[in-house]
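Notes follow the structure.
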Amino acid sequence: MDHQLLHIFRNTPMGRETLLQSIYFCKKVGASPVIYVPKSTKFLMYFENDVVQIDLDTSYLTSPDTAIAHATELVEQGALNVNFLEPKHYTASTLPDIPTTFDYMCCPRSVSDLASKIGLGYIGPRVRRIVRSARFPVLITSPVFKAWKSIAVFFGGSANAVNALRLGFHISRVSGMPLDVFTQVENRSPESYRQIVKDENLEQEMDRYVNDWHFFENRVFEENIFDVPHDALVVVGAFGHGVIRNFVFGSKMEKIQSTVSNSLLIAGPNYTATR
Amino acid sequence: MRVLKLWRYPANWAIFRLDDRLLLILMAIIVGNCSGLASVILNRSLLAMSEWLYHFRSHWWVFVLPAVGAALSSLFLEKVVKEGAGHGVPEVIYSVSRYGGLLRFRSSFSRLISSCLTIGSGGSAGPEAPVVISGAAIGSNIAKYFSLNDRQRVTLVGCGAAGAISSIFNAPIAGMVFAIEVIVGEWKSVNIVPIAIAAVAGTEISRILQGNQIPFSHHLFKFDLLNVFACIGLAVLSAAASILLTRTLRSMHTLSHKLSGPLWLRAAIGGCAVGIIGLFLPVVLGEGYQTVEALIGGRYSQGLAFVALASFAKIAATALTLGWGGSGGIFAPCLVIGSLVGVTYHHFLSLLWSSALWANEGYYALLGMAGLISGMLQAPLTGIFLIIEITGGYEVILPLIVVSAVTTTLCHYIEPASYYLKDLVEHGHLLRPGTDARVLSDLNVPELIERDCIIVKQNMLLRDFVHIVQKSHRNYFPVEDDKTGNFLGIIHWDDIRPYLFNPVMYDAVFLGQIMNTHVEVVHPDDDLLEVLRKMDIKGLFSMPVVMNNRFVGLISKATILDRYRKELMVQTSH
Amino acid sequence: MKLTINEVAQCLRLPVTTVDRWIRQGRIPIQKSSNGYIVNESALEKWAAMYRLPFSLPKKVNTQTQAVRLENLLPAMNRGGVIYGIKGDDVETVLRGAVEKMRLPLGTSKEKLYQCLLEREHLTSTGIGKGVAIPHPHDPLPDTFEKPVITTGFLEKPIDFYAIDDRLVFVMFILLSPSIKFHLHLLSRLSFCVRDNAFVEFLKTCPDSSAYFSKIADFEKQLDRADNS
C-alpha cells in the first residue's frame, strides 16, 4: 500500500488526461500519487548511475495559480489523497532535484518538446533517458484517458522481458485484472519460451495469473499486434543492455510504441523486480 | 558484443574486484588527459579571441564588447544548454556531497564556451572555475560510462578538477591540493594517488601542447626579516580585500536579481559597466594575466593612488561581471587583485619609511596573490602551492605561508565559509565524508524503520490489549481506525501502567480513550537530521513513521545509534 | 556457495536497502553487473573484519532460536507423579515425607533436595493460599534435572504451613526446574489453575491421578487459547 507514483503535472487539458490516467492507474494498483507542480522548466533527477536534466516545455508552467487547485480537484474526484512534492534540495538555485525513490512514474510521450509533436512512434529523448536509468517502471500514457480492463505483457524471452513479466504479474495481482501474454515467435519454438519461464521459476505465477499465452507465428509483427485488446495496459520491457541499445530501445519495443495507442508500462533495464 | 559488454564494466574484472586502486589510476590518466586538453582548448581560444578582438580596441564603442560577450554567454547558458548561471564549482561540491559526484554531460563543455565568450570579450573573470567544472564533469561522465560506483566516481571528479587546474597553470601540486582540499575534502591515499596521477597527466598534456613555461616568472627577490614581518600588514590588507570582494559580489548578485528582465539583459548591463571602467583603466579587462606578469616583474610603474584605484576598480569589475550574470571564475581576478594590493602595500610602505630596505614590489605582488587566493577560497594549502608553482619562487615560501595562514584566519573570522562553500553551507549541503551531517544524509528513514510493531484497533478493550502486551517485546503500540485503517495515535506502555493492576478497568476502557493522539510523526521522506531534531526537542526516543495516514513502522534512537555507528565505521576507517 | 544480496544483508544484520546503497556508494566489496551482483564471500568476511562489523552466516542463528520451546504443565506433572497420604504435623516432616516418596533421577541426594526446599521455606512460606503450597528450591537445579518436574502431594491431614491467608494446607506442588525461565513459566501456569475455586474444591476430594491429569489438560487448553488469540 505504500507505493507511490510520481506525476509531473501539466496544467493544460492534455495534462488533465495524463493525470486522469495516473489516477486510474493508482487506484488499480493501490498506489498513491505524488504530484510535482513545476515552478521552473528545469529539474534534475539523480538516478543510480546517471543524472538527467529534464527541460520541460513551457506549457507545464501554464497559469501556475490554478495548477494546484486543478490537480487537487482531479485527485479528490478519484477519492485519493493528494500529495504534492516540494523539492527539498537544489543543484544551483534554479535546478530542483526531484527524488527518484518512487515506485512508478507517469510520463506523457514527451516532456521537453511541444505537445504538437507527440504522436505514435515518438518518445521524447528525456523520457527515454528516464526509462533507461530508472529503477521504477514508467507509465507512458495514451493521449486521451481511457480505462484499461486487462493487462497485456509482451514477452520476448530476454532478461528484461522476464522483468516485464514479473511486473505484469505484480500489476495483475494487486489490481485483479486478467493478464495475457503475447510472444512473437522468432527463429525458435514456442517451447523454448516456456523453458525460459520455467528456468526463472515463474511457472506457478504463470498458471495463476495468466489468462492466455498468445504465440504469434506470423512473421509480420505489426499485423499480429491487432490482437492486443484496445483496452489493455501494455507492459513491456525496454531492452537496454549493450552499447547501441543504450540509445535506442529494443526493436520490438519501438514497434509496439509506434503501433499501439494503449497506455504503456515500460520496465527499463535498471528496473529491479525485488519489491 | 560480449567483449564490449565486459569493457563497460571494468570494475568487475577479476583483477580490480578486490582492490580498485590500479583501476582508478588507469582511469585517472584518461581523465587527467581529457580535462588537461579541455583547459588547453579554453586557453587557446581565449588567446584567439583576444587577438581577434585586438584591433577593435581603438574604437570608441569598445565598451559595448564586454556587454555583448556577457549577454551571449548568458543566452548560451540559459537557452542552448539550459544550465543555470554561476561559476559552477559549488555545483560540483554539491554533487560530490550528495549524489556521489554525478554531473551532467553538458557541463563538460557548456562553461568552457560561455566563459570564453565572457572573458574573451573583456569581462573580468577567470577561466579556472569553468575549466574545473568541465574537468570534473568529464571525470564524472567517464566514471558513468564505465559504471563505477560513487566512491570511485568522486575520486574521478577530483581527478578531473586536478587535471584542469594543473594544466591551466602548469602547476601539478596546486591542482592536486586544490582537488583534495576544495573538491573532495578527504585526505586518504585512495583519493590522493589517482588525483596526483591525474595532475601529472594534465600538466604533461599542457606541456606537450603549449611548452613548459612558468606562467609568471620573476627575478630572485632579496628580502630580510623586516620584510617577513611586514607581510603581516599585507595579510591584513589582503584579508580586507577578499572580504570586500566577497561582499561586493554578493550585493551585486542581489542587486541584479531585483531587476526584472531577461537574464541576458542583466549580463549585458554588467558587461557594459565593466566596459566603461575598462575605457579608463584597461587593467580590469579580461582575465588579466599580463597585468599580473607586469606587476611581478616590477614593470608596473604607476604611483600609489593609481594602483590603489586599480585594485578597487578590479574588484568592482569582477563583481559586475560575475554578479550580473557573466560566466567565469574567481581565480584569475583574485590573482590580479592580489598583486595590485601587494604593489599598493609596497608603495605605501616606501612612502611611509623610505629609508628602510624593502624588497621590490614583485615580492609583495606575489604575496598579495597568495593572500587573496587563500582568503577567498579559505584553502591555505592551495594558495601556497599555487603561487610557488606559478611563480617558481620557492625562496619566498616562508612569508608566503605566513600571509596565507593569517589571511585565511582573518577571513574565517568575518566570513566563516569561503566563497565557493557559502551557499552550500547555508543550505546544509556541504557534507564532507565522515562528518555527522554526511552520515545522517546517507542514512534515510526507510532504512531505519522497525516493522515488528503490533498494531491495535481503536475499539479494542483494555482486557484484550493486556494479552497483546504480554506477547509483544515493544513498548509502543500504534492504534488504527477500525474501518479506514488510518493511523490515529499511539499507546505507550506507560499509558496503561496505572490501569494494569485494576481489573475493573479491563472491560471499561477502550484503547481509543487511552491513546495519545497528539503524536509527532515522521514521514519516510523526512531528513534524518530533522527527525533527530524533533526527537531532541520533545525528548522522544521513538517516533511512528506514517505515510498517507497509514502506520508504516517505528523509528527509534537505539536503532539509529546502531546504524549510525556502522555507517560511520564504513565511511571513515581505511 | 553463492550469497544473494538478501543473505548478505542478513549476515550483516542490516536492511537490504542499506546494503544496496553501500554497493552503489562503493563501500562494500560487491560489484553490480548487468545481470545481478558479484559477491565474494571471503572478501566480504575480510572486509567486515576490517571495519569491525558483525558478519555471520544466517544458518547458525536460526537453529539456536528454534530450539527453545517451553514445556507445559502436563509433561512435568507426569514426570513427577502424584503422591497420596503424606504424613506429618509440621512443615519439616511433611516435606521430608514427600521427598522420601518422590521419584527422583538416579544419584540425586534426597537429603540435599530436602535441605534446599527447607531453606526456601525459611525465607517465606510457599503456601500461596486456599490451602495450596508450592515448595521449590530457591535456585534452580540445572545439574540434577534436565527437564522440569512437578510432584503433586496430597497430605493426610491439613497442616499449618504459615500460608499467607493462614488457611491449613492440604496439597503441595513440589516444583523442581532446571532454569529460572522454566520455573517462572510453570509457576505462572500453576497459579492460573489454583486461582479457580472449583479446581481447589476438586483437589480437596483427593482425585485419582487420571482424573487429575485430565483436569490439568483442560486448563492447558484454555491457557493455550489465551496465548494464541
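Values quoted throughout were computed directly from the atomic coordinates according to the rules given, and no laboratory measurement underlies them. Keep in mind that this is a model prediction, so the values were computed, not measured. Positions of Cβ are backbone-derived with ideal geometry, glycine not excepted, and every protein chain shown enters the neighbour counts.
Numbers at a glance
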| read-out | value |
| --- | --- |
| From the C-alpha gyration tensor of region B:42-137, square roots of 5λ in Å | 28, 13, 10 |
| Spin-label pair residue C:101/residue A:272, simplified geometry with 7 Å Cα→Cβ offset, distance in nm | 6.9 nm |
| Calculated from backbone phi, Karplus (6.51, -1.76, 1.60) coupling profile of region A:219-232 in Hz, x at Gly/Pro | 6, 8, 4, 4, 5, 5, 4, 4, 6, 6, x, 6, 10, 10 |
| Which listed pairs, of A:42/A:146; A:88/B:144; B:144/B:188; C:147/C:181; A:39/A:88, have C-alpha distances above 18 Å, in listed order | A:42/A:146; A:88/B:144; B:144/B:188 |
| Semi-axes of the equivalent ellipsoid for region B:76-125, Cα gyration tensor, largest first, Å | 22, 12, 8 |
| Karplus (6.51, -1.76, 1.60) ³J(HN,Hα), θ = phi - 60°, over region C:165-173, in Hz, Gly and Pro reported as x | 9, 6, 7, 6, 8, 10, 9, 10, 10 |
| Computed E for residue A:39/residue B:572 - FRET, C-beta separation, R0 45 angstrom, nearest 0.05 | 0.70 |
| Amide proton proximity set for residue B:553, modelled H, under 5 Å, gap of 5+ | B:545 |
| Residue-wise HN-Hα coupling along region B:139-152, computed from phi with Karplus coefficients 6.51, -1.76, 1.60 (Hz; x: Gly, Pro) | x, 4, 6, 5, 4, 5, 4, 8, 6, 7, 8, 4, 4, 5 |
| Helix-only [θ]222 nm of chain A, DSSP H runs n ≥ 4, -39500 (n - 2.57) each, per residue, nearest 500 | -9500 deg cm²/dmol |
| Per-selection Kirkwood Rh - chain B (Cα, Å, 1 d.p.) | 26.6 Å |
| Shape category assigned to region C:89-198 from the gyration tensor of Cα positions, a/c cut at 1.5 | oblate |
| Cα-Cα over 20 Å, subset of B:566/C:46; B:483/B:557; C:130/C:215; A:27/B:483 | B:483/B:557 |
| Residue with peak Gaussian network fluctuation, chain C [Cα springs, cutoff 10 Å], from C:132, C:149, C:39 | C:39 |
| Packing-based exposure ordering (other Cβ within 10 Å, fewest first) of B:346, A:3 | A:3, B:346 |
| Cβ-derived FRET efficiency at R0 60 Å, residue C:87 paired with residue B:495, nearest 0.05 | 0.65 |
| Highest-fluctuation residue, C:152, C:93, C:17 considered, GNM on chain C with Cα pairs under 10 Å | C:17 |
| Enclosed volume per residue, in Å³, of the convex hull spanned by Cα atoms of region A:3-140 | 104 Å³ |
| 12 Å Cα-Cα reach of residue C:32 towards aspartates and glutamates, excluding residues that sit fewer than 8 places from it in its own chain | A:48, C:20 |
| 18 Å reach of a label modelled at residue C:167, 7 Å along Cα-to-Cβ, counting backbone N of region C:96-131 | C:125-131 |
| Cut-off 12 Å between beta-carbons: net charge of the residues surrounding residue B:153, Lys and Arg +1, Asp and Glu -1 | -1 |
| Signed unit charges on C-beta, dipole axis of region B:440-572, positive-most listed residue B:522, B:560, B:500 | B:500 |
| Cα gyration tensor shape for chain C, rounded if a/c is under 1.5, else prolate or oblate | prolate |
| Global geometry of region B:149-294, whether rounded, prolate or oblate, following the gyration tensor of its Cα atoms and the 1.5 cut on a/c | oblate |
| Packing-based ranking, highest mean first, of B:379-386, A:132-139, B:513-520 given that Cβ atoms within 10 Å are counted | B:379-386, A:132-139, B:513-520 |
| Rough spin-label spacing in nm, given labels placed 7 Å along Cα→Cβ, for residue A:86 and residue A:150 | 4.6 nm |
| Chain A - Rg over Rh from alpha carbon coordinates, Kirkwood radius | 0.96 |
| Equivalent-ellipsoid semi-axes of region B:440-572, from the Cα gyration tensor, Å, largest first | 30, 15, 12 |
| Label point distance in nm, residue B:513-residue B:54, each placed 7 Å from Cα along Cα→Cβ | 9.6 nm |
| For residue B:298, distant residues with modelled amide H under 5 Å away | B:362 |
| Nonlocal amide H pairs with residue A:153, under 5 Å, H built at 1.01 Å | A:180, A:181, A:182, A:235 |
| Hits among aspartates and glutamates - C-alpha to C-alpha of residue B:222 under 20 Å, sequence gap 8 or more where chains match | B:293, B:361, B:389, B:395 |
| Chain C - mean residue ellipticity at 222 nm from DSSP helices (-39,500 (n - 2.57) per run, n ≥ 4, rounded to 500) | -15500 deg cm²/dmol |
| More than 51 Å apart - percent of Cα-Cα pairs taken over the protein assembly as shown | 42 percent |
| Share antiparallel - DSSP beta bridges, the protein assembly as shown, percent rounded to 5 | 50 percent |
| Reachable aspartates and glutamates from residue A:149, criterion Cα separation under 14 angstrom, eight or more residues apart if same chain | A:180, A:231 |
| For region A:150-267, Kirkwood radius (reciprocal of mean inverse C-alpha pair distance, Å) | 14.3 Å |
| Sites residue C:218 and residue A:207, calculated FRET efficiency, Cβ-Cβ separation with R0 30 Å, nearest 0.05 | 0.05 |
| Estimated [θ] at 222 nm from DSSP helical runs (n ≥ 4, -39500 (n - 2.57)) normalised by residues in chain B, nearest 500 | -20500 deg cm²/dmol |
| Most mobile listed residue (C:107, C:97, C:85) in chain C, GNM with C-alpha springs under 10 Å | C:107 |
